[in-house]
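The values are calculated or read from the model by the stated rules, or taken from the named source; none is laboratory data. Predicted model only: the values in this text are computed from it and were never measured. Backbone-built Cβ (ideal geometry, glycine too); neighbour counts: all protein chains shown.
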Amino acid sequence: MAERRKHSKPTSGEENIIARNKKARFEYEVLDTFEAGIALLGSEVKSLRNRDVNINDAFVRPRREELWLLGANIKPYAQATIVNHEPLRPRKILLHRREILRIVSRIAERGHTVVPLKMYWKHGKAKVLIGLVRGKRTYDKRETIKKRDAKRDMERALRRRNR
């Protein structure tokens, strides 16, 4: 008799991550973060399970007291029927009303915007971590690069020393 395999749930937090926006932390200074749900179609969920998503160019905009994720590219699901989703369609962000109002009031301030930082699974539901951000100046970016290079050099030196 054939043994049935159960789908195992990911044990580490790293396996739950669908996509990261690495560019966001370099380009922007993150002021605040919010965990939000996303309104998705069935074929989009299937594509997310395959990790066929790119959020590097995505951003969040308010429309009629709602937040919408724009520019997130979720590839069409290959096995879906003719009724597939548009890859770049706007997707509604699901948050509590008071959180939405707080974000919208902060966006109204000069130089603030909202970008997705990462997408992940939490209790079987797709979530997006959105960040309220302010653009970094060029000298801030150079400082970030210097810190990253210094950290990398220290780790290299420690590895050589521990051999």
**Prompt:** Restricting to segment 18-36, what's the tally of residues that are more than 21 Å from K75 (Cβ to Cβ) and either in contact with a helix residue (DSSP H, G or I) (Cβ under 7 Å, 6 or more places away or on another chain) or not hydroxyl-bearing (S, T, Y) (or both)?
**Reply:** 10
**Prompt:** Do the conditions hold for L69, that is, is it modelled with pLDDT of 90 or more and assigned to a strand (DSSP E or B)?
**Reply:** yes
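So that you can scan it fast, the table gives a plain yes or no per residue for (1) of a type outside the set (A, V, I, L, M); (2) touching a Pro at 6+ places or on another chain (Cβ under 6 Å); (3) surrounded by 15 or more Cβ atoms within 10 Å (Cβ to Cβ):
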{"residue": "L101", "(1), (2), (3)": "no, no, no"}
{"residue": "T113", "(1), (2), (3)": "yes, no, yes"}
{"residue": "T138", "(1), (2), (3)": "yes, no, no"}
{"residue": "D149", "(1), (2), (3)": "yes, no, no"}
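Rundown of residues vs (1) farther than 16 Å from K22 by Cβ; (2) under 19 Å from the mean Cα position of the chain (by Cα), yes/no style:
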position: R49; (1), (2): yes, yes
position: D52; (1), (2): yes, yes
position: A58; (1), (2): no, yes
position: E65; (1), (2): yes, no
position: R91; (1), (2): yes, yes
position: R102; (1), (2): yes, no
position: S105; (1), (2): yes, no
position: K125; (1), (2): yes, yes
**Message:** Criterion first (loosely packed, with under 10 Cβ neighbours inside 10 Å and in contact (Cβ under 8 Å) with a residue 24 or more places away in the chain) does G124 satisfy it?
**Reply:** no
**Request:** Would you mention how many residues in segment 55-72 are more than 20 Å from R102 (Cα to Cα) and surrounded by 15 or more Cβ atoms within 10 Å (Cβ to Cβ)?
**Result:** 5
**Prompt:** Given (1) assigned to a helix (DSSP H, G or I); (2) β-branched (V, I, T); (3) surrounded by 14 or more Cβ atoms within 10 Å (Cβ to Cβ), where does I145 come up short, assuming only one miss?
**Reply:** (3)
